[in-house]
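Report on the structure given below.
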Amino acid sequence: MFALVDCNNFYASCERAFNPKLKGVPIVVLSNNDGCVIARSNEAKALGIEMGAPWHMIEKQAHKQGIQAFSSNYTLYGHMSARVMNVLTAFSPEVEIYSIDEAFLGLRGFEKRLEAHARDMRQMVLEWTGIPVSVGVAPTKTLAKVANRLGKKNPASGGVHIMETECQQEEGLERLELGDIWGIGRRLVPRLEKLGIHTPLQLRDADPAFIRSNFNVVLERLCRELRGESCLPLEMVNPQKKSIVCSRAFGVMTDCRDMVREAVATYACRGAEKLRREGVVTNQLVVFIQTNPFDPKAPQYHPSIPLTLPVATNDSRRLLKTALEGFEKVWRDGYRFKKAGLMFNNLHSPEEAQMGLWDMPDDSRSTQLMKALDGLNRNYGKGAVRPASCGLRQVWAMRQERRSPRYTTCWEELLRVKA
């Protein structure tokens, strides 16, 4: 048996966890530069606020409706996610972190008290983190997704829905549309309907060989999962990333060479930090800068340049030097830029790095220096120690005018309680 634990309206719930006054208040969380709505509380959904709605178009309406808007606070959300996942490990030795707000759990050995175990899990997560979750339990990961969705839709379930028996599974599938099933996208629905498959039950009852011949093995697995055949095991070790991208839109449009150069330098250092956190190195990166594609009247220029290092590394100094060399090659005067970034490709472990006859890998001094740098930034805040080329004021940085405090990771922003 599997459980899918999904945090309810996760970003909005994180904001509420540290501000009880927000209970019952409609909340939206905005994307980078406070551009559009990326998360909504149930109250905001009830008021008709659409996902992806541009904030500047609905801001006046939102104020009239008493909606509280927050800039995305990814530092807080990431730390709260880690807290939730840590609580879940008390309920199963098998936990697959599927996303920032979802996890699959293996429930082998708990078959005799599935519902009680799921409700205990939900209660402890709420008490220890302040985050409400929904729990769906079923014999396969796909059916657990279905159960979770039904639990969210039905307040009477108390946030827990069990689909253990075939009868429960059939009843649950009858209540959903084909597009509600995990892995069935909008483009796939019309193709299935052309073959006479209009409901989840019809997909479940289809011949797996027929599904495979007309689609692929992935959809065949989904078909079998809906039948109760477990085809998707838990992945408790995250697969190694193939690439890492560090990029953000600027808070202001700029034609200033030094400002864009600062941004490229900053993203090079952030990318190097991510590489070290993942325990990988790279010898390939791409530097890119972009004008605003949504302003057709402005001159457009969006170059990118691939760069190769002689030796794979995660040393900030080497990656920064290479990134700035790439920036000099793509920069052109006369354009107003909106975005810059770097993509790090060909990621692999240091032991797999290939070198030429005369090349030398990062030495122990480089490793110790980077550890010290990461430790200082971890203790004193992101970017506390950084190369001068990253700039001091960073006026180009992303706007976060409505960001809540980083309650759990920044000493200066700890929650204050008055007795």
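Provide the FRET efficiency to the nearest 0.05 for the residue 115-residue 252 pair, computing r from the beta carbons and using R0 = 45 Å.
About 0.25, to the nearest 0.05.
Quick check: Cα centre of region 69-93 to Cα centre of region 173-225, how many Å?
The distance from the Cα centre of region 69-93 to that of region 173-225 comes to 33 Å.
Using amide H atoms built in the peptide plane, which far-off residues or other-chain residues are under 5 Å from residue 248 H to H?
340
Quick one: if the Förster radius is 25 Å, what FRET efficiency do residue 157 and residue 47 give, using the C-beta to C-beta distance and rounding to 0.05?
Efficiency, rounded to the nearest 0.05: 0.55.
For residue 86 and residue 170, what does the FRET efficiency come to when R0 = 41 Å and r is the distance between their Cβ atoms, rounded to the nearest 0.05?
It comes out at approximately 0.70.
Pull up all non-local amide H partners of residue 36: gap of 5 or more, or a different chain, and H-to-H distance under 5 Å with H placed in the peptide plane.
31, 55
Report ³J(HN,Hα) in whole Hz for each residue of region 114-129, in order, from the Karplus equation J = 6.51 cos²θ - 1.76 cosθ + 1.60 where θ = phi - 60°; Gly and Pro get x.
4, 5, 4, 5, 5, 6, 4, 4, 4, 5, 5, 4, 5, 5, 8, 10
What's the extension gain from residue 321 to residue 242 if we count 0.36 nm per residue and subtract their Cα-Cα distance?
Extra length available between residue 321 and residue 242 comes to 26.2 nm.
Could you tell me which of rounded, prolate or oblate describes region 7-74, using a ≥ b ≥ c as the square roots of the eigenvalues of the alpha-carbon gyration tensor, with rounded for a/c under 1.5 and, failing that, prolate when a/b is larger than b/c and oblate otherwise?
Oblate shape, in that a/c is at least 1.5 and b/c is the bigger or equal ratio.
Ranked highest first by average number of other Cβ atoms within 10 Å, how do 128-137, 292-301 line up?
128-137, 292-301
For the pair residue 311/residue 57, report the inter-label distance in nm, with labels modelled 7 Å from Cα in the Cβ direction.
Computed distance between label sites residue 311 and residue 57 equals 5.3 nm.
Using a simple spin-label model with points 7 Å from Cα along the Cα→Cβ vector, what separation in nm is obtained for residue 379 and residue 336?
4.4
List every residue whose amide H lies under 5 Å from the amide H of residue 140, counting only residues 5 or more places away in sequence or on a different chain, with H placed 1.01 Å from N in the peptide plane.
Under 5 Å from the amide H of residue 140 lie the amide H atoms of 2, each far enough along the sequence or on another chain.
What are the aspartates and glutamates whose alpha-carbon lies under 14 Å from the alpha-carbon of residue 371, with same-chain residues fewer than 8 places away excluded?
Straight-line reach from residue 371, under 14 Å: 273, 278, 315, 362, 363.
Would you tally the net charge around residue 347, using a Cβ to Cβ cut-off of less than 11 Å, leaving residue 347 out, and scoring K and R as +1, D and E as -1?
Surrounding charge for residue 347 is +1.
Go ahead and collect, in residue order, the members of region 233-275 whose backbone nitrogen is under 20 Å from a label point 7 Å along the Cα-Cβ direction of residue 128.
236-237
Filter 23/152; 241/339; 242/338; 339/382; 60/338; 152/242 down to the pairs with a C-alpha to C-alpha distance above 29 Å, please.
Over 29 Å apart, Cα to Cα: 152/242.
Using the Karplus equation 6.51 cos²θ - 1.76 cosθ + 1.60 (θ = phi - 60°), what ³J(HN,Hα) coupling, rounded to whole Hz, does each residue of region 210-222 give in order, writing x for Gly and Pro?
Karplus values, whole Hz, x for Gly and Pro: 5, 4, 5, 5, 8, 10, 6, 5, 5, 6, 4, 4, 4.
For the peptides 376-382, 399-405, what is the packing order when you average, over each peptide's residues, the other Cβ atoms within 10 Å and list the highest mean first?
Averaged packing, sorted descending, gives the order 399-405, 376-382.
Please sort 150-161, 53-64 by packing, taking for each peptide the average over its residues of neighbouring beta carbons within 10 angstrom, highest first.
Put in order of decreasing packing, that is 150-161, 53-64.
Can you work out the Karplus-derived ³J(HN,Hα) for every residue in region 169-178? Use 6.51 cos²θ - 1.76 cosθ + 1.60 with θ = phi - 60°, whole Hz, and x for glycine or proline.
5, 5, 4, x, 5, 5, 8, 10, 8, 4
Here are a few candidate values for Rg and Dmax of the Cα atoms in Å: [x] 20.0, 59; [y] 24.5, 70; [z] 21.6, 67. Which one was actually calculated from the structure I just gave you?
Correct label, based on the coordinates given: [y].
Specify the inter-centroid distance of region 239-262 and region 279-349, based on alpha-carbon positions, in whole Å.
Here the answer is 8 Å between Cα centres.
No lab work stands behind these numbers, since they all come straight from the coordinates. Since the structure is predicted, the reported quantities are computational estimates derived from the model, not experimental observations. Positions of Cβ are backbone-derived with ideal geometry, glycine not excepted, and every protein chain shown enters the neighbour counts.
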